[in-house]
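Beneath this line is the structure, given in structure tokens, with notes to follow.
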Amino acid sequence: MNSQQERAFKIIASHSQKTGPEPLRMFLGGPGGTGKSHVISALKQFFDDNQQSRRFRLASYTGVAAKNISGMTLHAALSLISNSNMK
């Protein structure tokens with residue numbers, strides 16, 4: 001991992017070790033090829049290794065991106081209803 005990726009990993013890993021913390025909501029963004037999936041994979045492994053996988057949720061803007069990270073769309077994660085579903 002490069003220094004920025006390692007920093008993101010450490011922030012999340014450190015937060016997960018606190019007792020009774022507020023939820024951490026963190027945006028990991030950037031253009032393709034910047035290592036987002038690498039950080040996500042390392043974090044998934046970290047949470048699995050520490051028997052905390054239920055505390056780690058992934059969401060993305062699009063269905064394709066969500067599928068690529070084994071996550072869900074932001075709409076699903078936040079239980080948002082679109083106008084087209086309200087007809």
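Each value in this text was obtained by applying a stated rule to the coordinates, not by laboratory testing. None of these values were measured; they are calculated from a predicted model.
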Using a ≥ b ≥ c from the Cα gyration tensor of the chain (square roots of the eigenvalues), is it rounded, prolate or oblate, where a/c under 1.5 gives rounded and otherwise the larger of a/b and b/c decides, a/b for prolate? oblate
Quick one: angle between helix 36-49 and the longest Cα principal axis of the chain, in degrees between 0 and 90, rounded to 10, please. 70
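Over the chain, calculate the relative contact order: mean separation of alpha carbon pairs under 8 Å at least 6 apart, over the residue count, as a percent.
Numbers: 52 pairs, mean separation 16.4, N = 87.
Once divided by the residue count of the chain, the mean separation gives 19 percent.
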